[in-house]
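Heads up: the structure comes next, in structure tokens.
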């Protein structure tokens with residue numbers, strides 16, 4: 001028979017499952033640590049009687065990196081191995097099914113004022129949402145522009161590749177007449193990458 005109780009457990013006693021259903025990139029761990037530093041532990045781990053974490057593995061990693069020694073856990077006993085895996089997958093999936101109410105989010109951001117330190121969100125993104133139309137127009141007007149220095153870098157790279165291609169084609173190729181560059185030309189069309197000058201065959 002299964003049971004549930006809340007306990008404080010040492011992090012050193014807990015462990016990840018053999019295979020976790022969710023990957024936790026560094027960006028997420030950074031934001032989890034920001035949340036812990038600002039708010040403390042606000043979500044409980046769900047573990048089994050063997051101290052395996054079935055919900056909260058990313059939080060566990062973040063708490064370890066911050067030097068936490070203990071954590072609040074829901075200890076769920078009596079589950080089969082299939083039950084444990086279904087619990088892990090369903091928790092991840094159900095969370096993903098949520099949809100943001102953008103009108104409520106916009107109102108929330110407006111209420112923040114200058115308090116833009118919100119774990120999970122980039123300060124610049126939130127600040128841009130508070131910008132007036134003129135500021136947005138100014139930011140968008142410079143989007144995608146290339147500096148003169150970047151133009152020279154792109155042109156230089158393209159010229160280097162054109163010169164190397166010309167020299168390669170001008171060299172005699174085994175089985176062909178010297179100077180017959182027409183037979184040495186590769187077939188097909190290509191364009192030069194504007195960033196590095198490398199040929200992209202079409």
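Rule-based calculations on the coordinates, nothing more; no lab input. All figures in this text were calculated on a predicted structure; none of them were measured in a lab. For neighbour counting, all protein chains shown are included, and Cβ atoms are generated from backbone atoms with ideal geometry for every residue, glycine included.
Could you tell me what percent of the DSSP beta bridges with both partners in the range 3-96 are antiparallel, to the nearest 5?
Of all bridge pairs located within the range 3-96, approximately 70 percent are antiparallel.
Name the shape class, rounded, prolate or oblate, that the alpha-carbon gyration tensor gives for the range 5-72, where a ≥ b ≥ c are the square roots of its eigenvalues, rounded holds for a/c under 1.5, and otherwise prolate holds if a/b is larger than b/c and oblate otherwise.
The shape class here is oblate.
Place the peptides 49-60, 101-112, 79-90 in order of packing, highest mean first, counting for every residue the other Cβ atoms within 10 Å and averaging per peptide.
By packing density, highest mean first, the sequence is 49-60, 79-90, 101-112.
Classify the range 48-100 as rounded, prolate or oblate, taking a ≥ b ≥ c as the square roots of the eigenvalues of its Cα gyration tensor: rounded when a/c is under 1.5, otherwise prolate if a/b is larger than b/c and oblate if not.
In terms of gyration-tensor shape, oblate.
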